Amino acid sequence: MPTKVFMEALSPTMEEGRLVKWTKAVGEAVKTGDTLAEVETDKAVMEIVARADGQLLQHLVAEGATVPVGEVVAFIGAPGEKVAQPAPPAPPPAAPVRSATAPSPTPAPVPAPAPVPAAATVVADASRVVRASPLAKRIAKEKGVDLKLIQGSGPGGRVILRDLDGAPARAVAGSAAPAPAAVVIGSGAAFEDVPLTQIRKTIAKRLGASLGPVPHYFLTSEVDMERAAEAREALNQQLGDAAKVSFNDIILKGVSLALARHRACNAWWQDDHIRYWNEVHLGMAVAIEEGLITPVIRNADRKSLSAIGSEARALAQLARERRLKPEQYTGSTFSVSNLGMFDIDQFTAVINPPEAGIVAVGSIVPKPVVQDGQVTVRRRLRLTMSCDHRVIDGATGAAFMKTLKQMLENPLAMVL
Amino acid sequence: MPTITYRDALNQALREEMQRDDTVFLMGEEVGLYQGAYKVSRGLLEEFGAQRVVDTPIAELGFAGVGIGAAMGGLRPVIEFMTWNFAVLALDQIVNSAAKMLYMSGGQIRMPIVFRGPNGAALQLSSQHSQAWESWLAHIPGLKVVAPATPADAKGLLKSAIRDNNPVLVLEGEMLYNTKGDVPEGELLVPIGQADVKRPGSDVTLICHSKTVTVALKAAEQLAGQNLSAEVLDLRSLRPMDEPAILASVAKTHRVVVVEEGWPHCGIGAQVVDIVQREAFDQLDAPVLRVTQADVPMPYNKQLERLAKPSPEKVVAAARRVLYLD
Amino acid sequence: MTTTATPPAKPQANPELHRRMLREMLLIRRFEEKAAEAYALGKIGGFCHLYIGQEAVAVGVSAALGPQDYVIGSYREHGQALVRGVPARAVMAELFGKATGCSAGKGGSMHLFDAGKRFMGGHGIVGGHLPLATGLAFAIKYRGGDEVCVCFFGEAAVNIGAFHEALNMASVWKLPVIFLCENNRYGMGTAFERVAAVTDVVEHACSYDIAGEVVNGMDVLEVQRAAARAVQRARKGGHPTLLEVRTYRFMGHSMSDPLHGVYRTKEEVEEQKKKDPITQLVHRLKDDGTIDQARLDALDAEVHAEVDDAIRFADESPDPAPDELGRHVLTD
């Protein structure tokens, strides 16, 4: 039985060896310990020695070939002994050789998956993440507080423990309850964070320098409230003495619906990005003895007029009694301020940061207007929108105001 | 209860253990005739004789190895390095022989040896004489590393170290030798692997060891003046480290500042931070901050050296940051 | 103390001892050959440093020691372990990394230990174990014993700091240690004269005021006599000795290193093989009638069988259990 000669592991890390030179020829007599070949390892040139006496029957590997450790490279046996021919080592497959040398032909183009821009992916993930300390997250979860509604006071808007102080255990059913899983505008998430483009950054920097921290500009629109007034009278006749619908309710509803269609105005400035909210939480400025507070009607766009009305009244009451809880006055995405009851024709309101806009409502006053070539008396309302120019450009704000005007002038449009 | 110096506490520990077990001996430079470079071994030569209190040539690698060989031969050596800065030369013996002897012999050869000496900076000793070696030494499996901050802990930990059947490295401090503290009479053994709350608190945890315990206590005083309650947790043991104690404190305060003598990169505090973020993630209201030596070789000039070292003011500033006050 | 060369002496008639020494050298030789084969087949991993050619040194020294003495060596210690009495099975199983190895499979070729036989390793850092030897001798003296400690190392270790520190302390404290330098002329691939200002290692003895001798390491009887003198010096007065035993390795520094080529010539190796210590002893024993060819063949066959048995034992032994990984890091 011939003795196999192996490519041996001649160093601890050797995986293959290059047979540099055969020092014994086929047919030569060999003794144990004789050098058979020189092998180049990863470390040095070493020798394979014979481990049996006999005749070197066969070289299985040519000089210069590289062979893995453990492969048979030769046989030693009795002179003339037959060696069962092992399958010759497969010649290197032609394909790789070809592709290495020839220019690779263009393969049938595999349609690349629609590239998802990295920014979009980041944004999609970010929209699911609220910045909060691990402790705040845990406590919010335990208390059932919706972190999205808490404005964090930590760096970058991080919600930290003290922001939850006073947050009640278990959400109160009703106003504080999280919105039911209904159709939400946009991606399906509560909001979407979009990093600033170069243009946005430049606008922010320049306007901030000229106008101050929040660069306001103002858009005024005069709205015909005749039809809204008629609709209101009709509704209130139906409702009777139970909760009446006010002009303010109608305006709140109109603003909410307009925001739903103009998400670009329903946003927060966040220093290095803008948060576009897919939910509409409308802040309603309420004058109280010491000043002003803005309770929030959540998901106002999805609430009925009467729901908005009753909620607005309830919140205003709580505000005056100073019994509002933090989650009732935080988290608004846009605000409305109404000084109509003070006979103010129009005014410019100050934006509540980090919101990007606020609508100031003046009083509804009968005025002579030209309609169909005739002068007639119509009840008119002046609305002024204040916009943060870093977030809302002129045309964007104007488009919103146009929609709002259309809704108020044609109340049935709110039902669409 | 007697109030004695850290130095005398160590002296008591050595004396008591040498009286108790005659296989315990002390070896190092100047430990005998000179009474000890820092007088830690004062009087021991007179009491125990030259066979048991052995003055060596300046040959750290050599006598560390002699100690290890003696331990292989059944004795219980205490090897003193005049400072741990000089022990770098001996690291081959500590790391390749002492730490590994039990393991590579398949459990046959125990290594009941203590290596001790002052660690870290003193005053204006400049860069080669001021290094803190915690993170190098605590990195090695097969070793135990302790760093007592008070006289009571020094006595209790050195005694435990001598009785331990494994190699134990004791990191003392030149600046600590003169400090005084209460040391109970009678047998005093502090378990290796156990931290100690030196000052309880509720708003922030200051995790420290050795000289930084004093820094942290001063910072806690200053914070108390600002109505902020800091808990000072003295690790005492760097390998093994008392994870349950660390986690219990974090669960209480939710905020951590680590105070350490070594350099920031891969320092011992990085291990504390890993433990905290990994096991107490949901307890944290803020990231963990570290106050370390500046990432520079220690300068000679007095003011620069002060700038380089951790200070109570730096700890207070870090504490205020994790409290979101600044 | 000044250097003394080994005086020529007539071989003493001690056939039992001589036959034992022959057997021991043969055992080491056959063991190392089989280990080389096993390494080439991937059964032994990492580093494997063979003692082939140097057998006379371990065997000669062993004849001068008693069971209470300590032996400590470097990573070329298979031969020294076998001669100390560590069973061939336990050594081979350790090389194979098995649970039945003398270091439970956790040391390997460079870290053979047997505390019961006072074989104290097996150390991988060049010169690192010399201070350990001084320490073992320190413990002997501390306890008032008369054992000695023999420390094997190669000539390249003479250049490292630990050598000087260990010899100095052994001398200053008068410790019973024998520093035995196996000068095989080459560290890995560097001839000693290229890197040593003083190439007669024995000269270092006078730097530390200890006894020194040069010994022909290819003659097992000379080694035995020199070792006996050194042991006597140590036992009686705690005087250390530096023995420079001149020997030669027939294989490369380790299994990963070439036999010859860049750093020494094939011709030199062939020339040295003519001084094979086993061959020399065989000739002497045949000449004085202690042994004949038949007996020699029988002895060789016996040794082969012992080594084959060791291989089989190692092959069949289990690997250490996974939880062995965490054992023996610390002890109670």
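With the requirement that a residue be over 22 Å from A:Thr348 (Cα atoms), assigned to a loop (DSSP other than H, G, I, E, B) and within 25 Å of the chain's Cα centre (by Cα), what does region A:281-319 give you?
A:Arg298, A:Asn299
Would you mention how many residues in region C:289-322 are in a loop (DSSP other than H, G, I, E, B) and of a type in the set (A, V, I, L, M)?
At the first step, the residues of region C:289-322 found to be in a loop (DSSP other than H, G, I, E, B) are C:289-292, C:317-321.
When the remaining residues are screened for being of a type in the set (A, V, I, L, M), the result is C:291, C:321.
Number satisfying all stated conditions: 2.
Taking the criterion of being out of contact with any Pro (no Cβ under 7 Å at 6 or more places or on another chain), assigned to a helix (DSSP H, G or I), among the hydroxyl-bearing types (Ser, Thr, Tyr) and surrounded by fewer than 23 Cβ atoms within 10 Å (Cβ to Cβ), would at least one residue in region C:139-148 satisfy it?
Scanning region C:139-148 turns up at least one residue that is out of contact with any Pro (no Cβ under 7 Å at 6 or more places or on another chain), assigned to a helix (DSSP H, G or I), among the hydroxyl-bearing types (Ser, Thr, Tyr) and surrounded by fewer than 23 Cβ atoms within 10 Å (Cβ to Cβ).
May I ask you to list the residues in region C:255-282 that are within 14 Å of chain A (Cβ to nearest Cβ) and of a type in the set (Lys, Arg)?
C:Arg264, C:Lys266, C:Lys273
Residue by residue through region B:36-80, note down the ones that are of a type in the set (A, V, I, L, M), surrounded by fewer than 21 Cβ atoms within 10 Å (Cβ to Cβ) and within 12 Å of another protein chain (Cβ to nearest Cβ).
Those that are of a type in the set (A, V, I, L, M), surrounded by fewer than 21 Cβ atoms within 10 Å (Cβ to Cβ) and within 12 Å of another protein chain (Cβ to nearest Cβ): B:Ala50, B:Ile58.
Which of (1) touching a Cys at 6+ places or on another chain (Cβ under 7 Å); (2) in the same structural domain as B:Ala138 (by TED's automatic domain parsing); (3) not β-branched (Val, Ile, Thr) is the odd one out, the single condition B:Gly173 does not satisfy?
In the conditions (1) touching a Cys at 6+ places or on another chain (Cβ under 7 Å); (2) in the same structural domain as B:Ala138 (by TED's automatic domain parsing); (3) not β-branched (Val, Ile, Thr), B:Gly173 misses (1) alone.
In this structure, is A:Val365 more than 30 Å from A:Leu211 (Cβ to Cβ), out of contact with any helix residue (DSSP H, G or I) (no Cβ under 7 Å at 6 or more places or on another chain) and of a type outside the set (Asp, Glu)? Spell out the reasoning first.
Values: more than 30 Å from A:Leu211 (Cβ to Cβ): yes; out of contact with any helix residue (DSSP H, G or I) (no Cβ under 7 Å at 6 or more places or on another chain): yes; of a type outside the set (Asp, Glu): yes.
For A:Val365, the condition - more than 30 Å from A:Leu211 (Cβ to Cβ), out of contact with any helix residue (DSSP H, G or I) (no Cβ under 7 Å at 6 or more places or on another chain) and of a type outside the set (Asp, Glu) - is met.
What about C:Ser109, is it surrounded by 24 or more Cβ atoms within 10 Å (Cβ to Cβ) and over 9 Å from the mean Cα position of the chain (by Cα)?
Details: surrounded by 24 or more Cβ atoms within 10 Å (Cβ to Cβ): yes; over 9 Å from the mean Cα position of the chain (by Cα): yes.
The answer is yes for C:Ser109.
For region A:1-23, what are the residues that are more than 8 Å from every other protein chain (Cβ to nearest Cβ) and in contact with a Gly (Cβ under 6 Å, 6 or more places away or on another chain)?
A:Pro2, A:Met7
Tell me which strands (runs of 3 or more DSSP E) are completely within region B:231-326 and hold 2 or more residues being modelled with pLDDT of 95 or more, assigned by TED's automatic domain parsing to the domain that holds B:Val213 and of a type in the set (A, V, I, L, M, F, W, C), or say none if there are none. Please lay out each step first, then the result.
Details: elements: B:237-239, B:256-259, B:289-291.
Strands (runs of 3 or more DSSP E) meeting the threshold: B:256-259, B:289-291.
Would you mention how many residues in region A:1-55 are in a loop (DSSP other than H, G, I, E, B) and among the β-branched types (Val, Ile, Thr)? Spell out how you get there, then give the answer.
Here is the first cut: in region A:1-55, the residues in a loop (DSSP other than H, G, I, E, B) are A:1-2, A:7-15, A:23-28, A:31-34, A:41-44, A:50-53.
Now narrow it down to the ones that are among the β-branched types (Val, Ile, Thr): A:13, A:23, A:26, A:32, A:41.
The number of residues fulfilling the criteria is 5.
Has region A:287-295 got any residue that is surrounded by fewer than 17 Cβ atoms within 10 Å (Cβ to Cβ) and either of a type in the set (Ser, Thr, Tyr) or within 30 Å of A:Val194 (Cβ to Cβ) (or both)? Don't jump to the end; show me each part of the working.
Our first condition is that a residue be surrounded by fewer than 17 Cβ atoms within 10 Å (Cβ to Cβ); within region A:287-295, this holds for A:287-292.
Next, only the ones that are either of a type in the set (Ser, Thr, Tyr) or within 30 Å of A:Val194 (Cβ to Cβ) (or both) stay: none.
The answer is no, given that none of the residues of region A:287-295 is surrounded by fewer than 17 Cβ atoms within 10 Å (Cβ to Cβ) and either of a type in the set (Ser, Thr, Tyr) or within 30 Å of A:Val194 (Cβ to Cβ) (or both).
Does C:Ala56 qualify as being in contact with a Leu (Cβ under 8 Å, 6 or more places away or on another chain) and surrounded by fewer than 24 Cβ atoms within 10 Å (Cβ to Cβ)?
Values: in contact with a Leu (Cβ under 8 Å, 6 or more places away or on another chain): yes; surrounded by fewer than 24 Cβ atoms within 10 Å (Cβ to Cβ): no.
No; evaluated as a whole, the condition is false for this residue.
Any idea which of A:Val49, A:Val26 is modelled with pLDDT of 85 or more and over 18 Å from C:Ala40 (Cα atoms)? Write out each step before concluding.
Values: A:Val49 fails: over 18 Å from C:Ala40 (Cα atoms).
Step by step, each of A:Val49, A:Val26 is checked, and only A:Val26 is modelled with pLDDT of 85 or more and over 18 Å from C:Ala40 (Cα atoms).
Scan (1) part of a strand (DSSP E or B); (2) in contact with a Cys (Cβ under 9 Å, 6 or more places away or on another chain) for the single condition C:Val215 breaks and write down its number.
(2)
Could you check how many residues of region B:88-98 are crowded, with 24+ Cβ neighbours inside 10 Å and more than 8 Å from chain C (Cβ to nearest Cβ)?
As a first pass, look at region B:88-98 and keep what is crowded, with 24+ Cβ neighbours inside 10 Å: B:90, B:93-94, B:97-98.
When the remaining residues are screened for being more than 8 Å from chain C (Cβ to nearest Cβ), the result is B:90, B:94, B:98.
Residues meeting the conditions: 3.
Would you pick out the residues in region C:129-176 that are within 8 Å of chain B (Cβ to nearest Cβ) and among the polar types (S, T, N, Q)?
C:Thr134, C:Asn168
What are the pairs, 6+ residues apart or on separate chains, where a residue within region C:184-212 that is on the phi > 0 side of the Ramachandran plot has its Cβ under 7 Å from a residue that is surrounded by 13 or more Cβ atoms within 10 Å (Cβ to Cβ) and basic (Lys, Arg)?
From region C:184-212, no pairs qualify.
Got at least one residue in region C:71-81 being away from chain B (no Cβ under 11 Å), over 21 Å from C:Asp308 (Cα atoms) and either out of contact with any strand residue (DSSP E or B) (no Cβ under 8 Å at 6 or more places or on another chain) or not in a loop (DSSP other than H, G, I, E, B) (or both)?
Yes, the conditions are met somewhere in region C:71-81.
In region C:85-95, what count of residues is obtained for those that are touching a Ser or Thr at 6+ places or on another chain (Cβ under 8 Å) and more than 14 Å from chain B (Cβ to nearest Cβ)?
Initially, region C:85-95 is screened for residues touching a Ser or Thr at 6+ places or on another chain (Cβ under 8 Å), giving C:89-90, C:93-95.
Going one step further and asking which of them are more than 14 Å from chain B (Cβ to nearest Cβ), we end up with C:89.
Summing the residues that are touching a Ser or Thr at 6+ places or on another chain (Cβ under 8 Å) and more than 14 Å from chain B (Cβ to nearest Cβ) in region C:85-95 gives 1.
Condition first: of a type in the set (Ser, Thr, Tyr) and not in a strand (DSSP E or B). Now tell me which residues in region A:198-236 satisfy that. Full working, then the answer.
Narrowing region A:198-236 to residues of a type in the set (Ser, Thr, Tyr): A:202, A:210, A:217, A:220-221.
A:Thr202, A:Ser210 - these are the residues of region A:198-236 that are of a type in the set (Ser, Thr, Tyr) and not in a strand (DSSP E or B).
Of C:Ala115, C:Ala99, which residue is at the interface with chain B (Cβ under 10 Å from one of its Cβ atoms), in contact (Cβ under 8 Å) with a residue 60 or more places away in the chain and surrounded by fewer than 22 Cβ atoms within 10 Å (Cβ to Cβ)? First the steps, then the outcome.
On the way: C:Ala115 fails: in contact (Cβ under 8 Å) with a residue 60 or more places away in the chain.
Residue meeting the stated conditions: C:Ala99.
Answer yes or no as to whether C:Ala104 is in a loop (DSSP other than H, G, I, E, B), in contact (Cβ under 8 Å) with a residue 60 or more places away in the chain, farther than 17 Å from C:Cys48 by Cα and among the aliphatic types (A, V, I, L, M).
Numbers: in a loop (DSSP other than H, G, I, E, B): yes; in contact (Cβ under 8 Å) with a residue 60 or more places away in the chain: yes; farther than 17 Å from C:Cys48 by Cα: yes; among the aliphatic types (A, V, I, L, M): yes.
Here the answer is yes, as C:Ala104 does meet what is asked.
Looking at region C:246-265, is at least one residue of a type outside the set (Ser, Thr, Tyr) and at pLDDT 95 or above? Break it down stepwise before answering.
Step one: filter region C:246-265 for residues of a type outside the set (Ser, Thr, Tyr), giving C:246, C:249-253, C:255, C:257-262, C:264.
From what is left, the residues that are at pLDDT 95 or above are C:246.
Checking region C:246-265: at least one residue is of a type outside the set (Ser, Thr, Tyr) and at pLDDT 95 or above.
Quick one: B:Leu14 ticks every box in (1) within 10 Å of chain C (Cβ to nearest Cβ); (2) part of a helix (DSSP H, G or I) except a single one, so which number is it?
Just one mismatch for B:Leu14, condition (1).
The values are calculated or read from the model by the stated rules, or taken from the named source; none is laboratory data. Quick caveat: nothing in here was measured; it's all calculated off a predicted structure. Neighbour counts are summed over all protein chains in view; Cβ atoms, including those assigned to glycine, are modelled from backbone coordinates with ideal geometry.
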